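Quick notes on the structure that follows.
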Amino acid sequence: MQALVADLRYALRTLRNSPGFTAVAVLTLALGIGANTAIFSLVNRILLQPPPGLERPGELVLVGRTVNGEGFDTFSYPDYGDLRAGCRACAGLAAYSTVPFHLSTGGASERIRGALVSGDYFAVLGTRPALGRFFLGDEDRPGDPRAVAIISHALWVRRFGARADMARGAVSLDGHPFTVVGVAPEGFEGTESGGVLDVFVPLASQPLTFSRLGRAPHSARAVVWLQLVGRLAPAATLPQARAQLAGLVQQLVTAYPAIHEGWGVSIASGVGLDPLTRRRLRSFLGLLLGAVGLVLAIACANVANLLLARATGRRKEMAVRASLGAGRGRLLRQLLTESLVLSLAGAAAGLLVAYLIGGLLLRLPLGAQQAGGLDLTPDASVLAFTALLSIATGIAFGLVPAVQASRPDLVPELKDGVGSRPGAGRLRSGRLRQALVVTQLAVSLVLLVGAGLLVRTLQRAYAIAPGFATHDVVVASVDPGLQGYDSSRTTRFYAELLRRLAPRSGVRAASLALNVPFGGGWDTRIVAEGQAIDQRHPGERADFNVVTPDYFRTMDLPMARGRAFTAQDVAHAPHVVVINEAIAERLWPDRDPIGKRLQRAWGGEPLEVIGIVKDAKYRSLFEVRRLTFYQPLAQSYQPAMVIHVRAQGDARPIGQMIQRTVGELDKDLPVYRLQTLADRLDNSLGQQRLGATLVTAFGLIALVLAAIGLYAALGYAVTQRTREIGIRMALGARGEDVRRQILREAMALAVVGLGAGLTGAVAATRVMRSQLYGVTPTDPTSFVAVSAVLVGVALLASYLPARRATKVDPMVALRYE
């Protein structure tokens with residue numbers, strides 16, 4: 001320990017005496033280690049760590065419904081009851097559904113996100129209340145709604161000042177009084193990573209809150225709306241639970257074939273994200289981890305190059321220490337201690353870099369919510385990762401220079417000092433520095449090619465025509481059901497709202513729709529009237545929307561044939577539908593669909609086709625052609641709708657106008673998700689934009705580090721070759737000849753790095769295939785452009801050392817040392 005303390009003191013003193021070298025090395029390492037820490041923090045929080053506040057989370061499983069072997073969907077309440085009763089491998093099986101609530105307390109109101117949960121939800125998750133209690137068994141009895149609620153710790157602090165008497169307090173949810181019986185523990189966010197849930201109410205209270213499902217969903221087996229989470233029994237395994245639940249679902253298929261045809265079950269170990277979202281994010285986060293790993297490799301190569309150059313200036317020091325009895329192991333330990341001190345200092349600075357990058361990562365879309373709900377504060381595992389990474393990094397960049405420096409040639413070094421004639425050790429050191437420069441150039445090319453492909457993908461995405469207007473359309477959500485409106489009052493409210501919006505100045509058209517583009521949606525299975533439905537032919541999966549008559553004009557969605565909805569398409573009139581071209585071609589490929597009728601596969605009144613609209617992109621710009629149909633709101637009542645207003649010119653004042661108009665009708669009704677369709681399109685490309693931004697930033701950092709490494713290596717080589725250059729110039733060489741030779745040697749390194757980088761890029765970009773759209777992994781434009789940039793940067797980085805070489809005075813060089 002005394003020797004270690006002495007080594008640390010000497011290392012700190014040595015680095016303090018070389019502030020320029022220390023600052024460059026620490027900054028370089030901070031960029032590499034900080035980027036890795038930031039990405040690992042996100043990976044750790046999303047993929048490795050369960051949501052906080054759960055007991056023995058390794059025993060928890062998510063249960064989802066598959067249709068024809070695909071998806072991870074919800075169940076109905078009766079199905080949930082059958083699965084819970086029959087699963088012996090589960091110690092408990094809970095159900096929940098995340099829904100919006102309109103919260104009112106003391107005259108203040110806001111829209112919050114909460115969940116309808118089964119009575120055993122908190123018991124299955126294994127959490128305990130911070131105040132009060134959780135639900136009792138009789139508070140979740142079907143058909144007997146109890147107006148009780150549990151609020152989050154954050155809401156308790158924010159709205160109620162953390163009052164100890166809050167338990168048994170009263171709040172208003174969706175216009176109904178609820179009694180608060182407990183407060184969830186601090187940080188508890190249910191089973192969803194990043195999901196901010198502020199209130200929990202029993203499933204039995206659904207008719208009071210989530211009214212869009214109807215008044216009695218507990219008895220409706222066809223209404224699927226519940227997500228399931230279970231805890232394995234002590235002696236049970238995941239395969240046993242999967243087999244039992246698969247058997248139970250098969251019993252449901254046999255008992256209710258018209259509803260459950262093609263159903264299956266999928267079980268995922270752990271909670272946080274559903275398997276589909278987890279798989280998508282794993283690919284994206286793997287790409288970011290690979291990018292920051294390459295940045296760290298370049299940083300290590302850069303610092304190793306600096307250490308090799310610095311070791312040359314310390315040859316005499318090492319020779320003196322060796323001549324006084326220091327063994328090679330003792331020299332190695334001292335030099336590696338200096339490297340580790342540098343690396344730990346870089347890790348400390350890297351935590352600040354990680355904090356800055358974390359602000360960008362919090363914009364990452366995670367399925368239904370943003371990553372902004374995540375807490376990326378470094379925990380013990382992140383700090384341990386950073387510490388281990390810094391130690392590994394210190395050894396990685398310090399070992400080779402230490403080995404080189406710990407073998408001094410005693411007699412020449414003690415005799416001639418720094419100006420001694422280069423020997424085998426210096427030749428090896430020069431080759432190592434050249435190899436490190438080549439490595440940096442190659443790795444930076446791989447990163448920049450990847451960034452180029454992602455940028456090209458983003459460009460292609462923005463070039464896709466969605467099929468409707470975006471820049472001049474403003475959307476805003478409103479839900480009169482949150483204020484306790486019944487269907488007749490809601491219908492009157494919407495009619496008056498459209499009447500007031502339509503003639504306003506700056507408004508070209510106004511309408512309502514159930515779904516908004518790039519925000520998810522609802523789908524069902526449809527068939528042409530009279531078509532047989534069975535397991536092999538379950539119908540075509542199609543998205544549907546419920547709209548008002550002016551919707552197609554508001555969205556600038558052109559009609560191909562037929563007509564749009566009118567005011568005559570009311571509830572007692574024949575039920576009609578407008579379909580897109582994809583449905584027309586799928587159901588009636590050789591006939592005119594106008595006048596034909598389609599129906600949902602599970603029943604309902606047939607719908608007469610009155611019009612055909614052009615296809616459009618609704619869920620994603622990258623989606624394949626989707627079947628979509630539209631129904632009039634007057635014939636398919638929905639309480640929550642999205643206001644669509646198309647501006648006549650500047651769209652910015654439209655949002656305030658919408659809020660003002662809704663406030664004139666009901667000052668307590670909140671307007672939420674107010675934005676333009678252009679903003680929604682941007683948000684839908686959030687992952688692609690964030691990936692392109694981060695990988696491009698990492699690529700540019702890598703390129704700068706590689707350029708600095710090339711400049712430093714050539715500058716040091718020019719210094720070492722001062723005598724040689726002086727002799728050449730004394731013998732008649734011109735400055736232009738010397739400059740050309742230095743540039744030729746630099747370009748030789750660049751070409752080797754270019755060749756290695758192109759080979760690596762061809763292999764690496766194939767892994768990115770799932771992140772690309774409209775661009776091949778070997779896109780020639782990206783490869784050529786990046787190669788040209790790399791050659792240009794290498795030429796610029798080598799020009800200054802080459803120019804300096806031409807300034808060597810032959811007489812000074814010949815007298816050198």
Over region 162-195, the set of residues open to solvent by 60 Å² or more (accessible area, probe 1.4 Å), part of a loop (DSSP other than H, G, I, E, B) and not charged (D, E, K, R) is Ala164
Considering only region 683-695, I want to know if a residue exists there that is open to solvent by 50 Å² or more (accessible area, probe 1.4 Å) and of a type in the set (A, V, I, L, M, F, W, C).
no
Take Gly71 and tell me if it is touching a residue at least 40 places away in the same chain (Cβ under 8 Å), over 20 Å from Leu125 (Cα atoms) and in a strand (DSSP E or B).
yes
*Check region 536-554 and report whether any residue there is β-branched (Val, Ile, Thr), outside any loop (DSSP other than H, G, I, E, B) and open to solvent by 60 Å² or more (accessible area, probe 1.4 Å).*
no
All-but-one check, Leu669 against (1) assigned to a helix (DSSP H, G or I); (2) open to solvent by less than 20 Å² (accessible area, probe 1.4 Å); (3) of a type outside the set (D, E, K, R); (4) at pLDDT below 85, failing number (1)
(Q) Can you confirm whether Glu745 is at pLDDT below 75 and among the charged types (D, E, K, R)? (A) no
ask   = in contact (Cβ under 8 Å) with a residue 60 or more places away in the chain, at negative phi, part of a helix (DSSP H, G or I) and out of contact with any Ser or Thr (no Cβ under 9 Å at 6 or more places or on another chain) - does that describe any residue in region 630-640?
value = yes
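Every residue, every condition in (1) open to solvent by less than 40 Å² (accessible area, probe 1.4 Å); (2) under 25 Å from the mean Cα position of the chain (by Cα); (3) touching a residue at least 24 places away in the same chain (Cβ under 8 Å), yes or no:
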| residue | (1), (2), (3) |
| --- | --- |
| Ser266 | yes, yes, yes |
| Asp274 | no, yes, yes |
| Phe284 | yes, yes, yes |
| Val292 | yes, yes, yes |
| Leu306 | yes, no, yes |
| Ala322 | yes, no, yes |
| Arg330 | no, no, no |
Given the conditions (1) in contact with a helix residue (DSSP H, G or I) (Cβ under 8 Å, 6 or more places away or on another chain); (2) open to solvent by 10 Å² or more (accessible area, probe 1.4 Å), every one holds for Leu93 apart from (2)
All conditions in (1) charged (D, E, K, R); (2) touching a strand residue (DSSP E or B) at 6+ places or on another chain (Cβ under 9 Å); (3) open to solvent by 50 Å² or more (accessible area, probe 1.4 Å) are true of Arg280 except (2)
Residue hits (region 621-643; surrounded by 15 or more Cβ atoms within 10 Å (Cβ to Cβ), out of contact with any strand residue (DSSP E or B) (no Cβ under 8 Å at 6 or more places or on another chain) and hydrophobic (A, V, I, L, M, F, W, C)) are Leu621, Phe622, Ala634
Does Thr191 fit the bill of being in contact (Cβ under 8 Å) with a residue 12 or more places away in the chain and more than 35 Å from the chain's Cα centre (by Cα)?
-> no
Matching residues in region 249-265 (outside any helix (DSSP H, G or I) and closer than 24 Å to Ile526 by Cβ) number 5
Exception for Val63 within (1) surrounded by fewer than 24 Cβ atoms within 10 Å (Cβ to Cβ); (2) not in a loop (DSSP other than H, G, I, E, B) falls at (1)
Considering residues that are open to solvent by 60 Å² or more (accessible area, probe 1.4 Å) and touching a residue at least 12 places away in the same chain (Cβ under 8 Å), the number found within region 226-236 is 2
Query raised in the report: What do you reckon, is Val613 farther than 26 Å from Leu677 by Cβ and buried (at least 22 other Cβ atoms within 10 Å of the Cβ)?
Result: no
If we keep only residues of region 735-763 that are of a type in the set (Gly, Ala, Ser) and open to solvent by 40 Å² or more (accessible area, probe 1.4 Å), then the residue farthest from Leu454 (Cα to Cα) is Ala748
Screening Arg591, Arg586, Arg508 for residues that are at negative phi and without any contact (Cβ under 8 Å) to a residue 24 or more places away in the chain leaves only Arg591
Those residues of region 473-529 which are at pLDDT below 90, assigned to a loop (DSSP other than H, G, I, E, B) and farther than 22 Å from Val624 by Cβ amount to Asp479, Gly484, Tyr485, Asp486, Ala502, Pro503, Arg504, Ser505, Gly506, Glu529
Quick count over region 705-734, residues being closer than 15 Å to Leu800 by Cα, open to solvent by 20 Å² or more (accessible area, probe 1.4 Å), at pLDDT below 80 and not β-branched (Val, Ile, Thr), is 3
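The values are calculated or read from the model by the stated rules, or taken from the named source; none is laboratory data. Since we're looking at a predicted model, the values are computed, not measured. Note that each Cβ is placed from the backbone with ideal geometry, even for glycine, and that neighbours are counted across all protein chains shown. Areas reflect the complete protein model, heavy atoms only, side chains present, ligands, DNA and RNA absent. Shrake-Rupley method; radii C 1.70, N 1.55, O 1.52, S 1.80 Å.
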